[in-house]
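Notes to accompany the following structure.
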Amino acid sequence: MLGLTGSIGMGKSTVAAMLAGCGARIHDADHCVHRLYGPGGAAVGPVGSAFPGVVTGEGRGARIDRQRLGGRVLGDAGALARLESLVHPLVRRDQARFLRRAARNGCRLVVFDVPLLFETGGESLVDATCVVHAPPFIQAARVLRRPGMTRAILEDIRRHQMPDRDKLRRADHVVMTGLAKGHTRARVHSLWRRLSVRQGRIWPP
């Protein structure tokens with residue numbers, strides 16, 4: 001089982017897609033949170049109670065307005081910690097369901113795609129970790145192309161994520177995405193070949 005992580009704009013989604021193309025089964029924590037915040041999502045009630053005014057819609061159509069929520073937690077370490085204490089257990093529960101399905105299907109390699117893997121202690125849940133990395137100037141260029149993104153928001157996100165030098169030091173594997181995509185793909189395929197035949201402590205079960 002592989003824990004895949006990397007700071008915003010590093011190319012983690014690209015690497016996850018390449019691993020999926022090789023045959024790995026991916027659990028994407030960000031996509032999971034989108035579902036939890038969406039209509040009928042398990043996070044709508046508790047997050048709405050903790051942060052009044054962030055829920056839009058009513059009844060089954062109620063959902064978390066991510067922009068409003070972001071305005072409440074960005075720059076406020078206490079509010080962010082309160083949000084994480086509500087959402088992270090729900091993500092872990094979804095991960096457990098994902099693993100049960102993967103086990104039934106006989107998957108050789110499963111991947112937890114988690115932006116805050118080290119920050120949340122998620123490395124204890126996997127057999128190995130992989131950090132996706134690119135030079136800071138490439139990261140900034142990618143992120144600042146996103147709608148609504150500013151350099152101030154990027155710097156705030158960086159402050160709340162573990163420094164890349166610490167992630168790289170703790171990683172079992174590193175995939176660089178600042179070079180040609182073919183270079184990244186070759187590295188990912190090499191990683192797949194090694195991990196898909198390995199019996200980990202946790203996976204395969």
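The values are calculated or read from the model by the stated rules, or taken from the named source; none is laboratory data. What you see is a predicted model, and the numbers here were worked out from it, not measured in a lab. Cβ sites come from the backbone with ideal geometry, for glycine too, and all protein chains shown count toward neighbours. Heavy atoms of the whole protein, side chains included, go into the accessibility calculation; ligands, DNA and RNA do not. Shrake-Rupley method; radii C 1.70, N 1.55, O 1.52, S 1.80 Å.
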Over the chain, the sum of -39500 (n - 2.57) across DSSP H runs of at least four, divided by residue number and rounded to 500 deg cm²/dmol, gives at 222 nm -15000 deg cm²/dmol
When the accessible area of the chain is computed with all protein chains present and a 1.4 Å probe, what percentage of it is carbon and sulfur? 54 percent
Charges only on Cβ, +1 for Lys and Arg, -1 for Asp and Glu: so what's the dipole of the stretch 1-116 about the Cα centre, in debye to the nearest 20? 460 debye
Just to confirm, what accessible area per residue do you get for the chain at 1.4 Å probe, in whole Å²? 51 Å²
Could you check what % of the DSSP bridge pairs in the chain are antiparallel, to the nearest 5? 10 percent
Distant-in-sequence amide H partners of residue 174 (H built 1.01 Å from N, under 5 Å): 131
State the dimensionless ratio Rg/Rh of the chain (Rg: radius of gyration of Cα atoms; Rh: Kirkwood radius). 0.97
Report the FRET efficiency, 1/(1 + (r/R0)^6), for residue 103 and residue 141, where r is their Cβ-Cβ distance and R0 is 35 Å, rounded to 0.05. 0.30
May I ask you to order 29-35, 131-137, 118-124, 176-182 by the average number of other C-beta atoms within 10 Å around their residues, highest value first? 131-137, 29-35, 118-124, 176-182
Please list, by residue number, everything in the stretch 102-138 whose backbone N is under 15 Å from a paramagnetic label point 7 Å out along Cα→Cβ of residue 35. 102-103, 111-114
log10 I(q)/I(0), Debye, Cα-only the stretch 1-85, no solvent, q = 0.18 Å⁻¹? -0.87
Solvent exposure, largest accessible area first (probe 1.4 Å, DNA, RNA and ligands not counted), of 144, 191: 144, 191
What list of ³J(HN,Hα) couplings, whole Hz, do you get for the stretch 107-124 from phi and the Karplus terms 6.51, -1.76, 1.60, once you set θ to phi - 60° and write x for glycine and proline? 5, 7, 9, 10, 10, 9, 8, 9, x, 10, 4, 6, 5, 9, x, x, 5, 6
To the nearest 20 debye, the chain has a Cα-centred charge dipole, built from +1 on Lys and Arg Cβ and -1 on Asp and Glu Cβ, of 640 debye
Give the residues of the stretch 117-135 whose amide nitrogen is closer than 19 Å to a point set 7 Å from the Cα of residue 81 in the direction of its Cβ. 117-122
Label-point separation in nm, residue 150 to residue 194, each point 7 Å along Cα→Cβ: 4.3 nm
